[in-house]
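The block underneath contains the structure these notes are about, expressed in structure tokens.
The values are calculated or read from the model by the stated rules, or taken from the named source; none is laboratory data. Quantities reported herein were computed from a predicted structural model and do not represent experimental measurements. Here the Cβ is made from the backbone with ideal geometry for all residues, glycine too, and neighbour counts use every protein chain on show.
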Amino acid sequence: MNLIEFKEVTKAYELGATKLLAADRISFTIKEGEFVVVLGPSGAGKSTVLNLLGGMDYASSGKIIIQGKNIAKYKDDELTQYRAANVGFVFQFYNLIPTLTALENVALTKEIVKNGVDVKEVLASVGLADHMNKFPSQLSGGEQQRVSIARAICKNPIMLLCDEPTGALDIETGIMILSLLQKLSREQKKTVIIVSHNAAIAQAADKVIRIRNGKLTEVITNETPIDVSEVNW
Amino acid sequence: MLFRKMLRDMWRNKTQFISIFLMTVIGIFIYSGVSSEYTGLQDTANDFYEETNLADAWVYSSGFTKEAADAVRAVEGVTGVERRLTISSVGNFDNNPTIKLHFAENNLISTGKLMEGEAFTIEKDGIWLDTEFAKVKKLKVGDSITVTFLGLTLEKEIKGLIMSPEYVYSEGENDIIPVPGTYGYAYLSYLALPKEIPMVYTDLLVTTEKPVDLKLENAIDQALDGKYSVFLARKNLRSYMQFSEEMKEHKAIGKIFPLLFLAVAMLTIVTTMARLVNNQRTQIGILKALGFKRRKILFHYISYGLWISLAGTVIGAVVGPLTLPYLFYGPMMTTYMLPEWRSAIPISLLYMAVLSVAGCTLATYFACRNVLKDTPSETLRPKAPKDIKHSFFDRLKLWEHLSFDIQWNLRDIFRCKGRSIMAIVGILGCSALLICAFGMRDTFDYIIKWNYEVLNRYETRLELKSDITSEQTDKLIEKYDGEAIQEGAVELKANGKKRSGELLVTDQASLIRFVDKDSNNLELPVNQISVSYKIAKLLGLKLGDTVSWHVFGDEKWNTSTIGAIYRTPFTQGITVSKGYFEQYGYHFTPTTIITKQEVSKDVKDDAALGISKVQSKSMLVDGIKTVTEAMNVLVFVLMIAAVILAVVVIYNLGVLAFTERQRELSTLKVIGFKTGKLRSLLLKQNIWLTLVGIVPGIPIGLWILNYIFNFVGEVFDFMIIIYFSSYVYCIAGTLLISVLVNRLFSKRVRKIDMVSSLKGVE
């Protein structure tokens with residue numbers, strides 16, 4: 001069964017007189033537990049797709065069906081509810097609250113979701129057991145991104161949406177983060193969707209969605225994905 | 001978690017939040033302090049009035065019969081009537097104090113509150129003396145006191161010490177302000193009156209259901225068939241009036257200053273929160289992405305304003321009533337006589353507290369709501385730079401010729417309007433407060449000069465005994481090269497309004513001068529009546545209008561045309577020449593001799609026997625200075641508040657502006673601007689804004705001053721005077737604070753690290 005179904009989704013921005021199509025009639029499906037990579041050059045509309053998927057923006061037309069429900073019709077409050085219950089975000093610039101410690105940043109999700117995962121356990125699972133009480137500014141980039149991932153999975157969402165999660169990291173740290181995400185997908189059956197402009201990562205994905213100029217160019221299902229650590233960067 | 005975030009955010013922006021906190025604390029502190037002061041005193045006074053059954057009206061005549069009293073008692077609305085004899089006596093002390101003796105018939109109305117000794121009843125013999133007077137003269141219960149009146153000497157044992165509700169505020173005859181120990185009062189039973197004196201009841205004390213209005217006054221007038229000289233409603237009783245006027249004045253002060261501080265607090269909140277929310281744009285985005293409801297995020301940011309103003313309000317409301325009232329009570333105790341001095345928390349404090357918290361919270365809401373409107377994906381993107389439109393300056397031909405400094409500063413001021421407005425308002429407040437403080441000081445300083453150098457040019461006043469012979473008077477005039485004047489009380493009536501005032505009859509006195517309302521010298525007409533400016537204003541009188549007047553103790557009303565209006569600070573009333581006075585059938589009987597000479601109090605010759613009191617100018621001036629001490633407290637509080645206001649606002653803004661412009665400043669630094677040049681750039685803007693704030697600050701300060709002096713009371717007329725030097729101090733002081741604080745934060749320019757501050761955001 002499909003977890004996610006995009007049907008002819010369009011997102012248009014009006015810039016004065018000109019109309020910009022950030023997403024132009026895009027359709028695809030994603031199954032539960034898949035490790036998906038959305039590829040495309042910068043400005044192609046990858047982030048738009050991710051934002052629409054995460055309920056962070058409104059589609060201009062089309063259907064976005066998540067677990068059988070069309071979230072494209074959702075109002076603001078329903079979208080918030082949807083985000084709170086189903087989606088975990090990981091951003092390129094981590095976006096942690098600088099005035100909260102690692103532990104507190106993750107514990108923040110407890111205020112939204114009741115049946116989440118234990119905060120300390122999650123932090124330990126991303127390898128941060130020793131750094132829980134540090135503020136973001138006291139952590140390295142990789143560590144901050146791991147806090148961000150911990151925060152995302154702490155809510156126990158059905159999907160993890162990662163927007164260029166390794167964009168601000170060096171290669172080694174980036175590989176480590178991607179491995180972590182792949183592990184989550186394989187071991188905990190989380191649906192992980194990563195937006196990237198680095199084509200190399202495609203070898204590790206179950207499914208690759210390519211986007212260019214707001215249009216879907218191809219969807220490849222990879223029957224034999226390899227481990228992130230084995231990818232030739 | 002969000003609460004912790006809030007606390008840490010506040011800590012990071014501590015300058016701003018401390019200033020918001022301080023402003024709310026000061027605002028509420030002043031309000032709660034002053035309001036609990038006057039509420040407490042008003043409550044005390046009201047309880048005192050009620051407990052002692054203060055009369056609602058007094059009627060005076062040369063004697064009321066029992067029938068007259070009964071007739072008044074029968075008037076509808078009258079609940080009680082009592083007769084009393086009041087005689088002025090002289091106490092047997094060095095300074096010949098005047099002691100008013102009240103011989104009561106029943107002692108049911110305007111009874112004295114017993115402070116010490118046994119209760120006063122009609123059956124008991126003895127005297128019940130003014131507590132304050134006894135204190136100054138070190139008299140105790142059981143001592144005896146000797147007084148002289150109408151040629152008789154009366155010695156009585158002090159049975160008790162009392163406080164009368166009619167003497168909350170009182171001053172000796174011909175005194176401008178109370179001088180303790182020079183006057184007093186005492187209650188006695190009518191049975192204590194020596195047999196040599198026939199019993200006549202000069203006062204009629206009346207209590208009524210409702211406050212006395214004109215209708216009731218007319219009804220009483222009819223009941224007495226017009227046979228009385230003065231009718232005094234409670235609101236016109238000197239003691240009652242003076243006290244409630246003073247309370248009104250405090251109320252005015254307690255209302256206007258807190259509003260200024262709360263306004264600044266709100267402005268600071270708006271700018272601080274707008275900036276904070278802007279800087280936390282991505283954080284808001286992440287909260288949204290996490291699935292926090294919009295309402296929850298909004299509450300989170302609103303709670304900044306809520307908690308900080310709540311904390312400030314609570315602290316201000318607690319500290320104010322515990323401290324400020326006692327600052328006022330000290331100096332006030334020398335002027336007012338109340339059985340106790342307590343403060344009370346008024347209900348209005350609750351409203352004010354709610355207003356302050358709600359105001360600050362609302363201000364936060366308006367500052368934050370915009371960012372929350374955007375969708376989460378928009379919020380996560382950095383904000384599009386603000387459109388910088390060409391301001392109208394740019395279009396001016398002049399613009400191109402301006403130096404870079406000026407262009408940069410002008411653009412900066414108009415780009416950050418909120419910040420600039422806050423700076424201007426803060427400076428405006430500071431200079432307005434300083435003007436108020438200096439204005440009060442100067443006005444009081446000038447009043448003394450005005451009264452004793454410009455108007456009254458004598459060195460000494462010799463108060464004459466009422467039984468002095470005209471030979472003695474003439475001798476005194478000759479001996480001291482003095483001038484005789486007659487002083488007394490009058491009642492004035494015009495345009496349906498009635499006011500009591502002072503009467504001055506001069507015999508071409510050269511030692512008393514007059515000025516008009518603008519301080520120009522004025523010669524009073526010899527054959528017309530002259531009215532003081534304040535009373536003319538109260539009665540709505542102009543030059544050439546007619547006014548009815550009558551002398552206290554006399555039933556006859558006279559009508560005159562006003563020939564001059566003169567301005568004087570303390571003695572509101574009328575002035576007439578001896579000749580004019582005598583045209584109306586009165587006899588000129590000097591009550592006072594004024595002289596340029598200094599007179600020793602110890603002179604004991606034949607003529608000196610006619611003197612009841614010798615008052616030197618320095619004594620009178622000292623007396624006024626004690627009264628103005630209460631004002632000095634206020635002046636001091638205002639100055640401190642002004643300085644805190646300016647320092648807090650400017651420092652806060654400096655820090656704010658500095659962090660906002662860090663990138664710009666480091667760009668300039670990279671280009672090659674020297675630190676000194678950048679500092680002067682910042683200083684320039686600071687000085688401009690300061691000057692722009694001072695300009696409206698001065699008239700607003702004057703307006704506040706005017707507002708406050710409106711409440712000084714009907715018998716006072718204070719011309720607002722601010723010396724030129726005070727303007728200079730005020731402007732220079734404000735500028736100095738502004739420049740010093742600027743130096744404090746502009747030091748940081750040197751420390752700007754060009755590399756890191758020009759690197760990307762995060």
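Looking at A:ILE149, is it within 30 Å of A:THR10 (Cβ to Cβ), more than 11 Å from chain B (Cβ to nearest Cβ) and not in a loop (DSSP other than H, G, I, E, B)? Show your work before the answer.
Numbers: within 30 Å of A:THR10 (Cβ to Cβ): no; more than 11 Å from chain B (Cβ to nearest Cβ): yes; not in a loop (DSSP other than H, G, I, E, B): yes.
Taking the combined requirement at face value, the residue does not satisfy it.
Just checking, does the range A:77-85 include any residue being surrounded by fewer than 21 Cβ atoms within 10 Å (Cβ to Cβ), within 17 Å of the chain's Cα centre (by Cα) and closer than 25 Å to A:MET176 by Cα?
No, every residue in the range A:77-85 fails to be surrounded by fewer than 21 Cβ atoms within 10 Å (Cβ to Cβ), within 17 Å of the chain's Cα centre (by Cα) and closer than 25 Å to A:MET176 by Cα.
Take the conditions more than 10 Å from every other protein chain (Cβ to nearest Cβ), touching an Asp or Glu at 6+ places or on another chain (Cβ under 8 Å) and within 24 Å of A:MET56 (Cα to Cα) and apply them to A:ILE158. Does it pass? Lay out the reasoning, then the answer.
Details: more than 10 Å from every other protein chain (Cβ to nearest Cβ): yes; touching an Asp or Glu at 6+ places or on another chain (Cβ under 8 Å): yes; within 24 Å of A:MET56 (Cα to Cα): yes.
Yes: the conditions hold for A:ILE158.
Condition first: exposed (fewer than 15 other Cβ atoms within 10 Å of the Cβ) and modelled with pLDDT of 85 or more. Now tell me which residues in the range A:190-218 satisfy that.
Residues of the range A:190-218 that are exposed (fewer than 15 other Cβ atoms within 10 Å of the Cβ), as a first pass: A:199-200, A:213, A:217-218.
Passing the criteria: A:ASN213, A:THR217, A:GLU218.
Just one of A:GLY116, A:GLY88 is assigned to a loop (DSSP other than H, G, I, E, B) and either within 9 Å of another protein chain (Cβ to nearest Cβ) or more than 30 Å from A:ASP24 (Cα to Cα) (or both); which is it? Give the derivation first.
Values: A:GLY88 fails: assigned to a loop (DSSP other than H, G, I, E, B).
Being assigned to a loop (DSSP other than H, G, I, E, B) and either within 9 Å of another protein chain (Cβ to nearest Cβ) or more than 30 Å from A:ASP24 (Cα to Cα) (or both) holds for just one of A:GLY116, A:GLY88, which is A:GLY116.
What do you reckon, is A:GLU34 surrounded by fewer than 21 Cβ atoms within 10 Å (Cβ to Cβ) and either at pLDDT 90 or above or more than 8 Å from every other protein chain (Cβ to nearest Cβ) (or both)? Please lay out each step first, then the result.
Working: surrounded by fewer than 21 Cβ atoms within 10 Å (Cβ to Cβ): no; either at pLDDT 90 or above or more than 8 Å from every other protein chain (Cβ to nearest Cβ) (or both): yes.
So A:GLU34 fails the test.
Looking at the structure I just gave you, is A:THR109 at the interface with chain B (Cβ under 7 Å from one of its Cβ atoms), over 19 Å from B:ASP374 (Cα atoms), touching an Asp or Glu at 6+ places or on another chain (Cβ under 8 Å) and crowded, with 17+ Cβ neighbours inside 10 Å? Please lay out each step first, then the result.
Values: at the interface with chain B (Cβ under 7 Å from one of its Cβ atoms): yes; over 19 Å from B:ASP374 (Cα atoms): yes; touching an Asp or Glu at 6+ places or on another chain (Cβ under 8 Å): no; crowded, with 17+ Cβ neighbours inside 10 Å: yes.
So A:THR109 does not fit the description; no.
Mind listing just one residue for me: the one in the range B:269-323 that is within 14 Å of chain A (Cβ to nearest Cβ) and small (Gly, Ala, Ser) and, of those, nearest to B:ALA363 (Cα to Cα)?
Among them, the one singled out is B:SER303.
Taking the conditions exactly as written (at negative phi, among the aromatic types (Phe, Trp, Tyr) and more than 7 Å from chain B (Cβ to nearest Cβ)), does A:TYR82 satisfy them or not? Steps first, answer last, please.
Working: at negative phi: yes; among the aromatic types (Phe, Trp, Tyr): yes; more than 7 Å from chain B (Cβ to nearest Cβ): yes.
Criteria met by A:TYR82.
So if I check each of B:THR79, B:THR98, B:THR86, which one is more than 27 Å from B:ASP467 (Cβ to Cβ) and of a type in the set (Ser, Thr, Tyr)?
Numbers: B:THR98 fails: more than 27 Å from B:ASP467 (Cβ to Cβ); B:THR86 fails: more than 27 Å from B:ASP467 (Cβ to Cβ).
Among B:THR79, B:THR98, B:THR86, only B:THR79 is more than 27 Å from B:ASP467 (Cβ to Cβ) and of a type in the set (Ser, Thr, Tyr).
Select the helices (runs of 4 or more DSSP H) contained entirely in the range B:652-762, then report the ones holding at least 2 residues which are hydrophobic (A, V, I, L, M, F, W, C) and either more than 14 Å from chain A (Cβ to nearest Cβ) or touching a Leu at 6+ places or on another chain (Cβ under 9 Å) (or both). Before the answer, list the steps.
Details: elements: B:662-671, B:675-709, B:724-746, B:748-751, B:754-758.
In the range B:652-762, B:662-671, B:675-709, B:724-746, B:754-758 are the helices (runs of 4 or more DSSP H) which contain 2 or more residues that are hydrophobic (A, V, I, L, M, F, W, C) and either more than 14 Å from chain A (Cβ to nearest Cβ) or touching a Leu at 6+ places or on another chain (Cβ under 9 Å) (or both).
Conditions tested, residue by residue: (1) touching a Pro at 6+ places or on another chain (Cβ under 7 Å); (2) farther than 23 Å from A:LEU128 by Cα; (3) aliphatic (A, V, I, L, M).
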position	(1), (2), (3)
A:GLN182	no, no, no
A:SER185	no, no, no
A:ILE201	no, yes, yes
A:ASP206	yes, yes, no
A:ARG210	no, yes, no
A:THR221	no, yes, no
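Which one is farthest from B:ARG294 (Cα to Cα) among residues in the range A:61-78 that are without any contact (Cβ under 8 Å) to a residue 24 or more places away in the chain and assigned to a loop (DSSP other than H, G, I, E, B)?
Step one: of the range A:61-78, the residues without any contact (Cβ under 8 Å) to a residue 24 or more places away in the chain are A:68-71, A:73-78.
Those left that are additionally assigned to a loop (DSSP other than H, G, I, E, B): A:68, A:74-75.
Values: A:GLY68: 26, A:TYR74: 15, A:LYS75: 13 Å.
Of everything passing the filter in the range A:61-78, A:GLY68 is farthest from B:ARG294 (Cα to Cα).
Would you mind telling me which numbered condition in (1) assigned to a helix (DSSP H, G or I); (2) within 24 Å of A:GLU143 (Cβ to Cβ); (3) among the β-branched types (Val, Ile, Thr) A:ILE97 fails?
(1)
Only one residue in B:ILE315, B:ILE286 is of a type in the set (Val, Ile, Thr), assigned by TED's automatic domain parsing to the domain that holds B:ILE26 and modelled with pLDDT of 85 or more. Which one?
None of the other options fit; the residue is B:ILE315.
With respect to A:GLY68, is the statement that it is modelled with pLDDT under 90, among the small types (Gly, Ala, Ser) and surrounded by 16 or more Cβ atoms within 10 Å (Cβ to Cβ) true? Even if it seems obvious, please write down each step before you answer.
Details: modelled with pLDDT under 90: yes; among the small types (Gly, Ala, Ser): yes; surrounded by 16 or more Cβ atoms within 10 Å (Cβ to Cβ): no.
So A:GLY68 fails the test.
Restricting attention to the range B:3-17, report how many residues are away from chain A (no Cβ under 11 Å) and in contact (Cβ under 8 Å) with a residue 40 or more places away in the chain.
Initial filter on the range B:3-17 (away from chain A (no Cβ under 11 Å)): B:14-17.
Those still in the list that are in contact (Cβ under 8 Å) with a residue 40 or more places away in the chain too: B:15-17.
The qualifying residues number 3.
Starting from the range B:260-271, keep only residues that are assigned by TED's automatic domain parsing to the domain that holds B:LEU362 and in a helix (DSSP H, G or I), then list their pairs with residues that are surrounded by fewer than 24 Cβ atoms within 10 Å (Cβ to Cβ) and charged (D, E, K, R) whose Cβ atoms are within a distance under 9 Å, requiring at least 6 positions of separation or different chains.
B:THR271/B:ARG419
Residues that are without any contact (Cβ under 8 Å) to a residue 60 or more places away in the chain: list the strands (runs of 3 or more DSSP E) wholly contained in the range B:465-578 that include at least 1 such residues. Show your work before the answer.
Details: elements: B:483-494, B:497-506, B:529-532, B:546-551, B:558-566, B:573-577.
It comes to B:483-494, B:497-506, B:529-532, B:546-551, B:558-566.
Among the residues of the range B:19-39, is there at least one that is surrounded by fewer than 20 Cβ atoms within 10 Å (Cβ to Cβ), touching a residue at least 60 places away in the same chain (Cβ under 8 Å) and away from chain A (no Cβ under 14 Å)?
no
Inside the range B:556-605, can you point out the residues that are over 36 Å from the mean Cα position of the chain (by Cα) and of a type in the set (Asp, Glu)? Let's see the steps before the verdict.
Quick first cut of the range B:556-605, residues over 36 Å from the mean Cα position of the chain (by Cα) only: B:556, B:578-589, B:600, B:602-605.
Result: B:GLU582, B:ASP602, B:ASP605.
Tell me yes or no: at least one residue of the range A:163-172 is surrounded by 20 or more Cβ atoms within 10 Å (Cβ to Cβ), part of a loop (DSSP other than H, G, I, E, B), at pLDDT below 85 and of a type in the set (A, V, I, L, M).
So far as the range A:163-172 goes, yes, one or more of its residues are surrounded by 20 or more Cβ atoms within 10 Å (Cβ to Cβ), part of a loop (DSSP other than H, G, I, E, B), at pLDDT below 85 and of a type in the set (A, V, I, L, M).
Scan the strands (runs of 3 or more DSSP E) fully inside the range B:72-118 and keep the ones with 3 or more residues being among the β-branched types (Val, Ile, Thr) and more than 22 Å from B:VAL212 (Cα to Cα). Working first, answer last.
Numbers: elements: B:78-91, B:98-104, B:113-117.
It comes to B:78-91.
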